[in-house]
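Asker: Questions regarding the structure given below will be posed in turn.
The values are calculated or read from the model by the stated rules, or taken from the named source; none is laboratory data. Since the model is a prediction, treat every value here as computed from it, not as a measurement. Every residue, glycine among them, receives a Cβ derived from its backbone with ideal geometry; neighbour counts consider all protein chains shown. What goes into the accessible areas is simple: the full protein's heavy atoms, side chains included, and nothing from ligands, DNA or RNA. Shrake-Rupley method; radii C 1.70, N 1.55, O 1.52, S 1.80 Å.
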Amino acid sequence: MYQSQAKGTILLLITALIWGAAFVAQSVGMDYIGPFTFSAARDVIAIVVLIPVILLFTDKRADGTYPPILHQLKPDRITLIGGAWCGLVLGAADTLQQVGISMTTAGKAGFITALYIILVPLLGRFMGRKVSRIIVICVALAIAGFYLLCINGDFQVSFGDFLVLCCAVFFALHILVIDHFLLKKANSVKLSWVQFATAFLFSGTLTVLFEQPDWSALWAAKWPLLYAGGLSSGVAYTLQIVGQKYTEPTTATLIMSLESVFAALAGWLILGEVMTAKELTGCVLVFAAVILAQIPLPHISFRQKNHNHQ
């Protein structure tokens, strides 16, 4: 049992590390192509990477054989509808995040994005779900942290920080939409595949309308794109699925919330980003709020839903 738990913990830690470093890849990618082009290309890579993942998770038929490949890839009606809705929300979240990252640092973007963990129960409250009292404390800590992290001397939030905050709202909505359709028995892996296809239509349309990418620029951005599309979307998603089989939901979300810390570390190590003492204090408060929201305290029934947001 303990070996299985350790295996799950290690896989989820790797997932958080991949997602955290993805903020650097997204930031570097902006040196070559526009944010809409980056999102569209990333979605295409994720679609391709998830095809073997779907085949890997397909169960055998009663006679011990596998269905034809096209049948394995075909989603049922609920999965198709759910994937379409998830893709629209994810497309908006990814686009806001990608544009925002081009105007702020990878480390700050990672911590602001992590606020989705607190926003989920708050948004769920409007849907009639119960919210524990501890969330009120978490929100207060997060607001204080966001102030220190993002608001400059003349009491203004940078436009990039604001866009990433909006992206956190959409990621929170994304979790609630996923939860809604998984409760309706949608296939989780195929749901992800359909959502990336829908997100590609979303970001691809914006690319055609507002940007003019060329193959040389895409080729120059190949490594950030391969990381964000292949590792962050495809591989990390698979690791999350496997890791959660051996880990309690609350513990799993707690481990994956470390992506914000890994984002800040990656920004410092790879991009040379440096935070001021004020910004570091903000990071500590945001991270404390995220951790506190996940720890199962006595007499508190809140339980965070798990998800994929990179």
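Asker: State the answer as a single residue: which of Phe162, Ala140, Thr65 lies farthest towards the positive end of the charge dipole of the chain, with beta carbon charges of +1 for Lys and Arg and -1 for Asp and Glu, about the Cα centre.
Answerer: Comparing the listed Cα positions along the dipole, Thr65 ranks first.
Asker: Just to be sure I understand: with springs between alpha-carbon atoms less than 10 Å apart, which residue in Ser188, Ser27, Ser257 has the highest mean-square fluctuation in the Gaussian network model of the chain?
Answerer: Looking only at Ser188, Ser27, Ser257, the largest GNM fluctuation is found for Ser188.
Asker: By average Cβ neighbour count within 10 Å, what is the ranking of 35-48, 6-19 from highest down? Spell out each step's value before the answer.
Answerer: On the way: 35-48: 24.5, 6-19: 19.6.
In decreasing order of mean packing, 35-48, 6-19 become 35-48, 6-19.
Asker: Please sort 72-84, 108-120, 138-150 by packing, taking for each peptide the average over its residues of neighbouring beta carbons within 10 angstrom, highest first.
Answerer: In decreasing order of mean packing, 72-84, 108-120, 138-150 become 108-120, 138-150, 72-84.
Asker: Something else about it: Roughly how many debye, to the nearest 20, is the charge dipole of the range 1-91 about its Cα centre, given +1 on each Lys and Arg Cβ, -1 on each Asp and Glu Cβ, and no other charges?
Answerer: It works out to roughly 180 debye.
Asker: Measuring from a point 7 Å past the Cα of Ala220 along Cα-to-C-beta, which residues in the range 20-37 have an amide N at less than 19 Å?
Answerer: Under 19 Å, as judged by backbone N against the label point of Ala220, lie 25-37 of the range 20-37.
Asker: Continuing with this model, one more query. Quickly rank 265-277, 165-177, 218-230 as a protection proxy: mean count of other C-beta atoms within 10 Å, highest first.
Answerer: 165-177, 218-230, 265-277
Asker: Quantify, in whole percent, the carbon and sulfur part of the accessible surface of the chain (1.4 Å probe; protein heavy atoms only).
Answerer: Working: 10380 of 14850 Å².
Taking all protein chains in place, the chain shows 70 percent carbon and sulfur surface.
Asker: Counting pairs of Cα atoms in the range 91-191, how many percent are more than 18 Å apart?
Answerer: 53 percent
Asker: Now a separate question. Using the Cα atoms as the points, what is the convex hull volume per residue of the range 19-85 in Å³?
Answerer: With only Cα atoms used, the range 19-85 gives 123 Å³ per residue.
Asker: Okay, next question. Over the chain, with the other protein chains present, what is the accessible area per residue in square angstrom, probe 1.4 angstrom?
Answerer: I get 48 Å² per residue for the chain.
Asker: Quick one: if the Förster radius is 45 Å, what FRET efficiency do Arg133 and Asp76 give, using the C-beta to C-beta distance and rounding to 0.05?
Answerer: Efficiency computed from Cβ-Cβ geometry: 0.70.
Asker: May I pose another question? When the expected Rg is taken as 2.2 N^0.38 Å, what fraction or multiple of it is the alpha-carbon Rg of the range 36-129? Let's see the in-between values first.
Answerer: Values: Rg = 18.1 Å, N = 94, 2.2 N^0.38 = 12.4 Å.
The value comes to 1.46.
Asker: Turning to a different aspect of this structure: Please name which of Thr205, Gly267, Ser192 has its Cα lying farthest along the dipole of the range 181-267 towards the positive end, using unit charges on Cβ (Lys, Arg +1; Asp, Glu -1) and the Cα centre as origin.
Answerer: Selected residue: Ser192.
Asker: Put one equal scatterer on each alpha carbon of the chain, apply the Debye formula with no solvent term, and list log10 I(q)/I(0) at q = 0.10, 0.14 1/Å to two decimals.
Answerer: -0.54, -1.08
Asker: Turning to a different aspect of this structure: Determine the dipole magnitude for the chain: charges of +1 sit on the beta-carbon of Lys and Arg, -1 on that of Asp and Glu, nothing else is charged, the reference point is the Cα centre, and the result goes in debye to the nearest 20. Write down the numbers at each step before the final one.
Answerer: Numbers: 19 positive and 15 negative charges, 232 e Å.
In debye, rounded to 20, the chain gives about 1120.
Asker: Let me ask something else about it. What 222 nm value per residue comes from the helices of the chain, counting each DSSP H run with n ≥ 4 as -39,500 (n - 2.57) and dividing by all residues, nearest 500 deg cm²/dmol?
Answerer: Helix contribution divided over all residues of the chain: -23500 deg cm²/dmol.
Asker: Work out the charge dipole of the range 1-102 with +1 on the Cβ of Lys and Arg and -1 on the Cβ of Asp and Glu about the Cα centre, then indicate which of Val44, Ile81, Ala25 is farthest towards its positive end.
Answerer: Going by the Cα projections, it comes out as Ile81.
Asker: Between Ala6 and Val48, with labels modelled 7 Å along Cα→Cβ, what's the label distance in nm to one decimal, could you check?
Answerer: For Ala6 paired with Val48, the spin-label model returns 3.8 nm.
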